[in-house]
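Below you'll find the structure, written out as structure tokens, and then a few comments.
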Amino acid sequence: ADDEPGTIAGPLLDGDAARVAAPAPPPWRERALAAAALGLLVSAAAAWLGPAPPLPAPALGLAVAALTLLLPRGGWALAALALPLWLAAAGAPGTALVLALAAAPVPLLLPRAGALWSAPAGASLLGLAGLAAAWPALAGQARRLPARAALAALGFWWLALAELLTGDRLAAGVPAAAKARAVWEGSVTGAVQHAIWPLLSSGTLAIALVWAAGAAMLPLLVRGRAFVFDLAGAAAWAAGLASATGALAGAGGTSTLRGLTIGSVVAAALAIAARASRGRA
């Protein structure tokens, strides 16, 4: 300490430290999972959504995964830009538009969670198994409330766009006014008229807001204090989410969400199991 009198500077306040400190890069395990997920997505898109790619689809996915392992956000952004550009140049600008619309909101809603930018694809995988309604429970495991809400909403957004691209019913189904991809994939105007606008006007996208609210509130209802309370909280949460989801699906012209009942049961089970697992850790 100096002999001269004066004010002793205190430590940075928490808020100041948060502003000064740069965001820490994700751990290598999270990087590896994010890279593998993006590589699989790129491989699938290159194989099924356009003509033959310049490289074999597995090799292309491997290259993207390697880049993303080194640069999580940069690799993802490059893939999200290059894939639509390639599809547009290959004669499928309508498909390129749908992919661009899927990717565009992800960095905006998850700006500090680059390792999770491919995670919304998990909702589509659950949809293939008829368990799309379980996605909010998985999204609800994120640490921060904004990330939980964003993951849940983006999961439904990607589900809805995947239905437009595949024509399969993964969750709410293709809107009645939408047409098959073969009709609109060759035209941006056609994609807007026959795919994007029918989806936006159907009203089913309101389910994304319900899922976002459900995922955000999940840790408040399933707290890990006692199994009985967790069971009651998870059951009430899943029932309320299923009721709201079913009502909005019906308002959008769909009889119900595919696998709504079983998906809600699985969601409750996942919520309890995930909280119990964190409690043991």
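The values are calculated or read from the model by the stated rules, or taken from the named source; none is laboratory data. Here the structure is a predicted model, which is why all the values come from computation and not from measurement. Reconstructed Cβ throughout: ideal geometry from the backbone, glycine too, with neighbour counts over all protein chains shown. Ligands, DNA and RNA are excluded from the accessible area calculation, which covers all protein heavy atoms including side chains. Shrake-Rupley method; radii C 1.70, N 1.55, O 1.52, S 1.80 Å.
Segment 144-192 holds helices (runs of 4 or more DSSP H) entirely within its bounds, and those carrying 2 or more residues that are farther than 26 Å from Gly91 by Cβ map to 145-166.
Is segment 127-139 home to any residue that is open to solvent by 40 Å² or more (accessible area, probe 1.4 Å), more than 25 Å from Trp184 (Cβ to Cβ), assigned to a helix (DSSP H, G or I) and not hydroxyl-bearing (Ser, Thr, Tyr)? For segment 127-139, residues open to solvent by 40 Å² or more (accessible area, probe 1.4 Å), more than 25 Å from Trp184 (Cβ to Cβ), assigned to a helix (DSSP H, G or I) and not hydroxyl-bearing (Ser, Thr, Tyr): present.
Every listed requirement among (1) at pLDDT 95 or above; (2) more than 28 Å from Gly94 (Cβ to Cβ) is met by Trp211 save one, (2).
Among the residues of segment 214-226, the one identified as at pLDDT 90 or above and open to solvent by 100 Å² or more (accessible area, probe 1.4 Å) is Leu220.
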